[in-house]
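This report concerns only the one structure given below.
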Amino acid sequence: MKEIFNESYREYNEYMSTVLPDFWEGFSYKTRRQQCESLINSLNERFNFNRLITIETGTSQNPKGDGAFGIFLGFATEKTNGIMMSVDINDDYLKKSNELFSSVIPKLKYETYKDDSVHFLKNVEIIPNLVHLDSWDLDLKNPLPSALHGWNEFVAIESKMLSGSIIVIDDNYIKGQWVEWIYGDGRPSEKIDIVYPILGKGAHIYQHVLSGNSDWELIGEHHKNLGNIKIIIQKK
């Protein structure tokens, strides 16, 4: 699997470079590369399945806007003859996602579903071994809704997954840093200090796993980094 993940990362970088001239210079894209590298290191060390069954909540559909992390997952899934599913409530996003994946990874078995992600995860019949939770935009000025939604997604799927399975949760900031929060409505950006142990989509999941009272554990070194990180956990 190590070769598969590394090759998928190379293909992801090549694709992103074709659509984003500043892919190697832009700060936000550097963050995506770092997130990919953290996940690859964790998967190479700990992932023991031969076939990826992948679910992404919040569909990847705009490489210039969302970084299309799902494309990396799609490359890896296709190389294992696996299946990838994506769920979203936005019709336009679903349409764009289907167009994106069919053009970039045409051989991938990829299906999109219009549904609330929590409802979808509760009722999905195919059991994944890799889940990427990324369906509710984080607002650091009001982080609780995103964190609660991420927690509800986790509760909906975690008991179904087999030992060794991986869950990845996007958009998290660890205590001890500050973030320049940029508004999309023209207001000046604002400096936000992270004073809680963690803020983000995976905040409740992270605290639950750290408590030791779950079937999951943090893996890799990603949670020791500063910046926007993806929390990576594995079922024991």
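Observations, loosely collected:
- For the range 99-111, residues that are surrounded by 15 or more Cβ atoms within 10 Å (Cβ to Cβ) and within 15 Å of ASP66 (Cβ to Cβ) total 3.
- Count of residues meeting criterion [farther than 21 Å from VAL155 by Cβ and either loosely packed, with under 15 Cβ neighbours inside 10 Å or in contact with a Pro (Cβ under 9 Å, 6 or more places away or on another chain) (or both)] in the range 205-226: 4
- Residue that is farthest from the chain's Cα centre (by Cα) [pool: residues in the range 168-192 that are among the acidic types (Asp, Glu) and loosely packed, with under 11 Cβ neighbours inside 10 Å]: ASP185
- Residue that is modelled with the highest pLDDT [pool: residues in the range 72-104 that are within 16 Å of LEU43 (Cα to Cα) and aromatic (Phe, Trp, Tyr)]: PHE75
- Residue match in the range 153-167 (condition: surrounded by 21 or more Cβ atoms within 10 Å (Cβ to Cβ), farther than 24 Å from ASN48 by Cα and in contact with a strand residue (DSSP E or B) (Cβ under 6 Å, 6 or more places away or on another chain)): no
- Restricted to helices (runs of 4 or more DSSP H) entirely inside the range 5-83, those with at least 3 residues that are touching an Asp or Glu at 6+ places or on another chain (Cβ under 7 Å) are 69-79.
- Residue count for the range 111-146 satisfying the condition of being more than 10 Å from VAL87 (Cβ to Cβ) and assigned to a loop (DSSP other than H, G, I, E, B): 14.
The values are calculated or read from the model by the stated rules, or taken from the named source; none is laboratory data. Bear in mind the structure is a predicted one, so any value in this text is a computation, not a measurement. Cβ: placed from backbone, ideal geometry, glycine included. Neighbour counts: every protein chain shown.
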